[in-house]
Amino acid sequence: MSIWLLVPFVLMLFANIPIAFCLLFAVIIFMSQWGMIPLNIIPNKMFSGINSFPQLAIPFFVLAGQLMNKCGITKRLVQFADVIIGKVYGGLAQVNILASIIFAGLTGSGVADTSAVGSILIPAMEEQGFERDYSAAVTAASSVIGPIIPPSVLMVIYANVVGISVGELFAGGIVPGVLVGIGLMALCFFYAKKYDHPRRTESISVKHALSVTKDGILALIMPIIIIGGITLGVFTPTEAAAVAVAYALFVGFFIFRTLKLKDLPSALLESARTTGVILLIMSSATAFGWALTVLHLPEMLANWVLSITTNPFIILLFINIFLLFMGMIMEVGANVIILAPILAPLAMNLGVDPLHFAIIMIVNLNIGLATPPLGVCLFVAAPIAKITLEDITKAILPFLAVEISVLLLLTYWPSLVLFVPKLLGF
């Protein structure tokens, strides 16, 4: 019976049908052929997958990101990053990566990062003399950091699926996200020395630097409020997301004064669209995951892996290779909903810390955002740079090698992930 579930799913996936419908139609075909359980269980399973109070954090975090974008915060963050690192070898490439690290704490979305930061920095980098494909590759690769550094919608989804603390995940993502950024900066530094890339040489006035820094700090306060509030028990992750929206409104209306009442309908509409897509994928993936469980495929997979080896180092390597492949062909959220309940228990049976494995999985699948053939950040960055998908694919390969190296470092050095959560009392 598993053929009636997996084969239609794979065929529809390669036919470029949206992932939510691939999952849902595969379950319908499977249920129709099986005939032992009525089809009305499918909407029940779909609803159960999104009927959760903690998942209210998703639309709030999405809306907070939309509001911060409407505030014109992206340009301010780019200027702030330029003040800090613009004179380092690599120039705007380094600014691009640092802006992505900072921007990650506001939206938690790789695609939003690529679009917002890329629309400003890709043309600016080209104007300074950087090649288009290199500029686009830097932007897409650094956007991977978005869903790793908190707040992260993906972490909220993982927490709901596996039953782990959102606060723990937020704390665990800080060091890995920064390490990915440092790795990419080191590569840009190497390229800058080798190819003599341009960088800022003139000094910035103290007045301008203070003004830009003030705006940058105001933006950075939001993730501090979120993580600090959750850690201190002041509010739940869902309440933290609502506080993030309130802070974005306050900054936009009263501090920057760039947010107008006329901007709210479009922000709400875009947030509703994004949230609708996420929840549709989540509900469809929940039904698909239920079908996998009915067929006992998770147990069969675990037994097959353990029959090959019980060495946790080798199994983690196998899991990483498998997840990298899945990240290339399927949407990140769907991967988490379907695979986390299967792989997390397997990892825990091998003695891997649940939080450690969660971050491994999240970092791994996020690399898929910039990995061909279906890396969505590539599809966003390429048109901005006015290049083909083939051009950006070639240019991004060295950056992907750096990110995979950081992933392996995180996999086999757990304290890099667990240090901050322990420090914060998780």
When the Kirkwood hydrodynamic radius is evaluated over all pairs of different C-alpha atoms of region 260-409, what value in angstrom, to one decimal, is obtained? 17.4 Å
Longest to shortest principal axis, alpha-carbon extents of region 317-378, angstrom: 36, 19, 17
Rounded accessible area per residue of region 283-323, 1.4 Å, Å²: 50 Å²
Could you look at the chain and say what percent of its accessible area is carbon and sulfur, using a 1.4 Å probe and all protein chains? 69 percent
Region 121-182: Rg to Rh, with Rh as the Kirkwood radius over Cα pairs: 1.18
What are the ³J(HN,Hα) couplings of region 286-299, residue after residue, when phi is run through the Karplus curve with 6.51, -1.76, 1.60 and θ = phi - 60°? Round to Hz, x for glycine and proline. 5, 5, 5, x, 4, 5, 4, 5, 4, 7, 6, 5, x, 5
Tell me the angle of helix 73-85 to the major Cα principal axis of the chain, expressed in degrees between 0 and 90 and rounded to the nearest ten. 70 degrees
Which lysines, if any, have their Cα less than 24 Å from the Cα of residue 70, not counting same-chain residues under 8 positions apart? 214, 260, 262
Is the shape of region 18-70 best called rounded, prolate or oblate, per the rule: a/c under 1.5 gives rounded, else a/b larger than b/c gives prolate, else oblate, with a ≥ b ≥ c the square roots of the Cα gyration tensor eigenvalues? oblate
Measure nothing but the geometry: give the 0 to 90° angle between the long axis through the Cα atoms of 110-128 and the longest principal axis through the Cα atoms of the chain, rounded to 10°. 40 degrees
Sorted by chain and number, the residues with a modelled amide H under 5 Å from that of residue 331, at a separation of 5 or more or across chains, are none
At R0 = 30 Å, how high is the FRET efficiency between residue 128 and residue 394 if r is their beta carbon distance? Nearest 0.05 is fine. 0.90
Compute and list, largest first, the equivalent-ellipsoid semi-axes of the chain from the alpha carbon gyration tensor, each √(5λ) rounded to a whole angstrom. 36, 24, 21
Per residue, how much accessible area does region 41-160 have with a 1.4 Å probe, in Å²? 29 Å²
First obtain the Kirkwood hydrodynamic radius of region 121-252 from its Cα pairs, then insert it into the Stokes-Einstein equation at 10 °C and 1.306 mPa s, and state the resulting D in µm² per second as a whole number. 91 µm²/s
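The values are calculated or read from the model by the stated rules, or taken from the named source; none is laboratory data. The structure presented is a predicted model; accordingly, all values stated were derived computationally and were not measured. Methodologically, a virtual Cβ is constructed for each residue, glycine included, from the backbone with ideal geometry; neighbour enumeration extends over all protein chains shown. Each accessible area value is taken on the protein alone, full model and side chains, heavy atoms only, with ligands, DNA and RNA left out. Shrake-Rupley method; radii C 1.70, N 1.55, O 1.52, S 1.80 Å.
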